[in-house]
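Right, one structure below, let's go through it.
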Amino acid sequence: MVEIEKLREIAREVISREDVRQLIGYRQGTYGFRARPAFVTTPEEVDQLIFSPACVNNLATYLTLEEKLPVPRGQEPDLRKVAVMVKGCDSRALVQQMEEKAYERDRIVVLGIPCTGVVDMDKVEERFPNVLSRGEIAMEGDKFVLSFDGKREEVPKEELLADKCRRCRYPTPLVYDQLLDEEVARFADDDYSDVLELEKRSAEEKWAYWEEKFSRCIRCYSCRNVCPMCYCEDCVLDRLNPQWMRRSVDISENTAYHIARAYHLAGRCIQCGECQRVCPVEIPLMELNRKFYKDVEELYDYEPGTDAEAPPLLATFKVDDREDFIL
Amino acid sequence: MAEKNSDFEPNIVAFLCNWCSYAGADLAGTSRIQYPSNVRVIRVMCSGRVNPLFVMNALQQGADGVLISGCHPGDCHYMQGNYYARRRFMLMRNFLEYLGVEPERVRMSWVSASEGAKWKEVIEEVVSGVKSVGPMNKFQRRQLNW
Amino acid sequence: MNGKPKIGVYVCHCGTNIAGVVNVEEVVQFASTLPDVVVARNYSYMCSDPGQALITDDIEKFGLNRVVVASCSPRMHEPTFRKTLLSGGLNPYFLEMANIREQCSWVHEDPIAATEKAKRIVEAAVVKARRLEALDVKEVDVEPACLIIGAGIAGIQAALDIADAGFKVYLVEKSPTVGGHMAQLDKTFPTLDCSACILTPKMVDVANHPNIELMTYSQVEEISGYIGNFEVKVRKKSRFVDMDKCTGCGACAEVCRMAGRIPNEFDEGIGMRGAIYLPFPQAVPAKYTIDKENCLFLSKGKCGESPKCKEACQAEAINFDLQDEIVEFKVGTIIVATGYDVFDARKKPEYAYGVYDNVLTALEFERLVNASGPTGGKIVMLERGKKKKKKEGEEVEPPKVPKSITFIQCVGSRDKSVGNEYCSRVCCMYTAKLAHLAKDKIPDCEVTIFYMDVRAFGKGFEEFYDRVRREGVRYIRGNPSEIFKRGDKLVVKAEDTLTATPLEHETDMVVLSVGLVPRSDNREIIDLLKLSQSSDLFYLEAHPKLRPVDTASDGIFLAGVCQGPKDIPDAVAQAKGAASAAMIPMASGKVKVEAQTSVVNEATCRGCGFCVAVCPYTAIELVEVNRNGWPVKVARVNEALCKGCGACAAACLSGSIQQRSFKDIQILPQIQALGVK
């Protein structure tokens, strides 16, 4: 685990630099266990920074989400660098963003956090109902330690670990300027068991499954907004002219939305799981993304967000790509 | 599915590249090769122009099946378009199948300008495939009448 | 013009071709109910003059601004009706055709089904027509100059043709002389013309032609732009010899301390040269070149007391301080004529090339029989790697003459084991020619040829092959498996496949008829010009039948073997073809560029570069623009390069790049119209 003092010391150094305008990290959330993003612009603010297994957010999102307000006449835009703290999974978002030329490598300062895993808040809630709002969580060895109401609960890591961490291939960031701790070796691999299980079902069963999921969707677009890869200036999915899908919330338009969202992430999703985490109606969005992820890996030996120099998956081809489905 | 009956005449939207498949379909015409009338064609310059989301849109807008047809590999008028199309539709077809959309509804073919006869075979294959899975009854847009 | 659409729909009977199956009145009735349709008519032949007049009259009468013609395939009559619109005062891109003949009435017998389908097709055309936009047909000026890369026979011929027509030619050659492989040859098959006799006058012509700027010992470093306007940067490598002063007398070469010690590339390494050299006596330009890797002064900083060449040169042409020179110029067209390499026989280790002195490649043998070659045209047994140091008074043993010579055909051709599936097209005939020359020069020599098939397909080829056989050359059908040495003799192990007899054939000399392969430095040109390769790795032509000298990029043409193996007349014919193709845009002075190109909405483009990556024509680039005071990258289309395939539009996630006439906003309504049951 990253030592908080060391983290703050490095952060202080970084934000003191003249060429850095902002540092994006984590701070304590309003309620107990929760962590939330911190946007630090002065050395004084550094003491609020933390890192704990509750730091689930992918901060790479804020690099592309930041609104660029019009620069007033006679002023220059602030083009100084932005520093960002990233876990292994989050760092892949940076790599993918750079593959897509969202910014140049020298525009960011990356503080890499070798990650031993984060918690799944839903699993905590299930195990210890109603304590999320008061208490703390830490990782000690291979256990999560929860402290609340003067109690201390130790839980084996496995039991509360987020699903994405169970199959994490890159716990140590793939890109960084400074690493805040010792590298963490890959501790798991992905067997795609969730996707394989769904693939085995019949067409009727599959649709019945997804029809139920999609019909819950309220089209809040949280999944899109939180995604570090969804940063178009003007998303085609809510454009009126041409209108790809209507705004009405029904199974037809919802399905179209989810097909389009997932397809737009084919060869781009880096498996941070943020979409599913933020979904208010618990649509298993990662099961959609992971179908593409699995196919892309199997068919094209391609893993998004691992090589900033790689050509975008769907903007390249091999002459001998599989085509046995073609008449 | 009660609707899977022999009277079902599917409605299939096809995207054809101008140089090979559209010309092949024209050749079927000049050769007076008869084939089922279920397929309706949208001409694009290259199969590489076809956005896979067109498939989603067609299925949503009432098509029972979609066909994308381009030049054989290596023959693309624009050198590479069909290779891009091949990747895009491989992934889209697998994904739709994963959602429960039968793969018979999403087809792709290579038909050259000289393959009028193959065009007929492709159409027959696609039509019989879609007939075998019946009308699209999953996420098509309801036509509102008020 | 872009106000509310007013659409005219014209349904053609095409005699009975359409009307015999489709109920055209019903289609017209249906069309007139569609949104924005002002008038709908049917007529027996829309493409006839009265048919077209219906359209122009209605444009005037109803103020039509969109036209839908429901008739035959747009591949048939789209140009016709575009002209109709133009003559009626409308932009020709306000036309949409509904193909109800080839893809409806001719392929469906049932009138009800066919009429139903025709209605759908017409509706899809109408909804697209509502969204059509006027497009400009743009023209770009063409610089009346041509860059030709490679000055072998193909490059030379193309250069002469273009220069004779009055256009400027920049002829760039990598080696110190023009002439290419043809200059190395002795005779040419099947006519046995002396290669040098027919080539050297042309070599001299390109050097002297007022319209040709010849740049030898030069390399193209950068090319940008598009048809009509290519910017070219060429590096003229330093020869360390002042081209203006050198008289070509050769005094320098005689005194060079390295003289006779460096294998001469032109002689395929059989002959030797010095560090300052002329590749061969008839080289053009007849100017000496110092090879800086081998020059003692340039590579080691010291050449005896002082470089002898410099002392010997009375013209004071030698200047060790000369630098490479970069020249830049603009051309309208480019011809690639970079030629080939011969197959590296070492890739067939069973033939022991490079192991035994007297296993030669055919090109080495060519230099042996050539009167201007290292042996003065005498075919002799080789002793490779031995330096001939003549001591005063020592008798030099005359080299031995081979009593038997054996050729092996298809070395490196039609051979999947070395990755070359193709036939090199010239080996059968040059082998017959070399066999004939061997017989001619050494009448008692026993000449044998191992072959797989003899492909004598060209003009005069079969006759020549017959003649050579009658001269006593023995053809054995079989592909040798091994060459080894037994005593003084080489042994070729093979099977005569016509009699199914294994045999071991003893011989003095083996000549490997090596095939033609793409140049090892092909990649340089591919990167410069973004050319494609066919599966054999030669450059790919735009169409194998109908556009054999064009490439996929407008204004760039191919000539000679760089496109695929061919003999001299074919290379010359292709060169003349390429020259004439290149002259078309130069003569007209203008070229039309595709109108249905892609266009970027810079306000929504996120600059990810997916479109840049998919574009086969490098027509899109990312440029920095100012968005609300922020510098951001966005895609920009070079319309002169865009061919209108639309691959970018399908790759764009934000829908910011669209193909004109095939925009999402035009296609989605078509999908909707066709989806309705």
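The values are calculated or read from the model by the stated rules, or taken from the named source; none is laboratory data. For clarity, every value in this text was computed on a predicted model and none was experimentally measured. Here Cβ is always computed from backbone atoms with ideal geometry, including for glycine, and neighbour counts include all displayed protein chains. The accessibility values were calculated without ligands, DNA or RNA, using every heavy atom of the protein model including side chains. Shrake-Rupley method; radii C 1.70, N 1.55, O 1.52, S 1.80 Å.
One table, with the values for the structure above:
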read-out	value
Distance violations [Cα-Cα > 20 Å] among C:168/C:202; B:131/C:117; C:117/C:643	C:117/C:643
Förster-model FRET efficiency, 60 Å R0, residue A:179 and residue C:592, C-beta, rounded to 0.05	0.55
Pairs beyond 27 Å (Cα-Cα), from A:294/C:128; A:213/C:128; C:128/C:545; C:292/C:566; C:459/C:530; A:123/A:151	A:294/C:128; A:213/C:128; C:128/C:545; C:292/C:566; C:459/C:530
Selection of trypsin sites (Lys or Arg not before Pro), region B:51-146, meeting DSSP coil and at most 13 other Cβ within 10 Å	B:142
Area buried, chain C against chain B - accessible surface, total, 1.4 angstrom probe, square angstrom	3800 Å²
Estimated [θ] at 222 nm from DSSP helical runs (n ≥ 4, -39500 (n - 2.57)) normalised by residues in chain C, nearest 500	-8000 deg cm²/dmol
Alpha-carbon centroid distance for the pair region C:318-371 / region C:151-168, whole angstrom	22 Å
Region B:12-133 pair-distance distribution - Cα-Cα, 10 Å bins, rounded %	15, 48, 32, 4, 0
Estimated vicinal HN-Hα couplings, Hz - region C:417-431 in sequence order (Karplus 6.51, -1.76, 1.60; Gly, Pro = x)	5, 10, x, 10, 7, 7, 8, 7, 6, 10, 5, 4, 7, 5, 5
Out-of-range pairs (alpha-carbon distance over 22 Å; input C:403/C:485; C:400/C:493; C:174/C:348)	C:400/C:493; C:174/C:348
Nearest-ten-degree value, helix C:664-675 long axis tilted from longest Cα axis of chain C	60 degrees
CD proxy at 222 nm, helix term only [per DSSP H run n ≥ 4: -39500 (n - 2.57); per residue of chain A; nearest 500]	-9000 deg cm²/dmol
Residues of region C:634-677 with amide N under 20 Å of a point placed 7 Å along Cα→Cβ from residue C:110	C:674-677
Using alpha-carbon coordinates, inclination of helix C:195-208 to the longest axis of chain C, degrees	60 degrees
Mean separation of Cα contacts under 8 Å (6+ apart) over length of chain C, as relative contact order %	13 percent
Percent carbon-and-sulfur accessible area, the protein assembly as shown, ignoring ligands, DNA and RNA, probe 1.4 Å	48 percent
Long-range amide H partners of residue C:597 with built H, under 5 Å	C:660
Sequence ranges A:188-196, C:477-485, A:7-15, ranked by mean other-Cβ count within 10 angstrom, highest first	A:7-15, C:477-485, A:188-196
Average Cα contact separation per residue, region B:38-98, under 8 Å, 6 or more apart, as relative contact order %	38 percent
Under-5 Å amide H pairs with residue C:135, H placed in peptide plane, nonlocal only	C:93
Percentage relative contact order, chain A, counting C-alpha pairs under 8 Å, at least six apart	17 percent
Phi-based couplings in Hz for region A:201-208 (Karplus 6.51, -1.76, 1.60; Gly and Pro marked x)	6, 6, 4, 5, 5, 4, 5, 4
Beta bridges by DSSP in chain C, antiparallel share as percent, to the nearest 5	55 percent
Burial order of peptide ranges A:294-303, C:65-74 (average beta-carbon count within 10 Å, highest first)	C:65-74, A:294-303
Separation of alpha-carbon centers, region C:494-558 and region A:172-250, rounded to whole Å	49 Å
Whole-Hz ³J(HN,Hα) from phi, Karplus 6.51 cos²θ - 1.76 cosθ + 1.60, for region C:27-42, glycine and proline x	5, 4, 4, 5, 4, 5, 8, 7, x, 6, 7, 9, 8, 9, 9, 10
Long-range HN-HN contacts of residue C:70 with modeled amide H, under 5 Å	C:10, C:11, C:12, C:98
